[in-house]
1. Anything in the range 1-14 that is closer than 13 Å to Phe55 by Cβ and at pLDDT 90 or above? List them, or say none.
2. For the range 14-36, what are the residues that are of a type outside the set (Asp, Glu), without any contact (Cβ under 8 Å) to a residue 40 or more places away in the chain and in contact with a Phe, Trp or Tyr (Cβ under 8 Å, 6 or more places away or on another chain)?
3. If you check Ala48, Ala29, which single one turns out to be of a type in the set (A, V, I, L, M, F, W, C), out of contact with any strand residue (DSSP E or B) (no Cβ under 7 Å at 6 or more places or on another chain), surrounded by 14 or more Cβ atoms within 10 Å (Cβ to Cβ) and closer than 14 Å to Met5 by Cα?
4. Among the residues of the range 34-44, is there at least one that is outside any loop (DSSP other than H, G, I, E, B), surrounded by 15 or more Cβ atoms within 10 Å (Cβ to Cβ) and modelled with pLDDT under 85?
5. Considering only residues that are in contact with a Ser or Thr (Cβ under 9 Å, 6 or more places away or on another chain) and assigned to a helix (DSSP H, G or I), which ones fall in the range 1-19?
Amino acid sequence: MVYQMGAKSFSEFKLTIGHFENRRWKKAADEMLNSRWARDIDQTPARAKRLSDTFALDGIGDGATVGHSILAH
């Protein structure tokens, strides 16, 4: 998400970021899809779906590692 929209725009995803920080992966995934970014045809909804699916699975392998790598950027 940060790569696509930039850190400033991503920082506006307060609920999503809060869910990441608290390791609530499914809720973070839901918030990702509940955004104009995910619905906007110019912002690649397929990418939004893939990213949210990754988090919705409660971490593939080590979900904490995935979440931390997202938050670290």
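1. Answer for the range 1-14, where residues must be closer than 13 Å to Phe55 by Cβ and at pLDDT 90 or above: just Phe13.
2. His19, Lys26, Ala28, Ala29, Met32, Ser35
3. None of the others qualify; the one that does is Ala48.
4. Looking for residues that are outside any loop (DSSP other than H, G, I, E, B), surrounded by 15 or more Cβ atoms within 10 Å (Cβ to Cβ) and modelled with pLDDT under 85, one finds at least one in the range 34-44, hence yes.
5. Result: Val2, Gln4, Phe10, Thr16, Ile17.
The values are calculated or read from the model by the stated rules, or taken from the named source; none is laboratory data. Small disclaimer: the values here were computed from a predicted structure and weren't measured. Cβ coordinates were reconstructed from backbone atoms using ideal geometry, including for glycine residues, and neighbour counts include every protein chain displayed.
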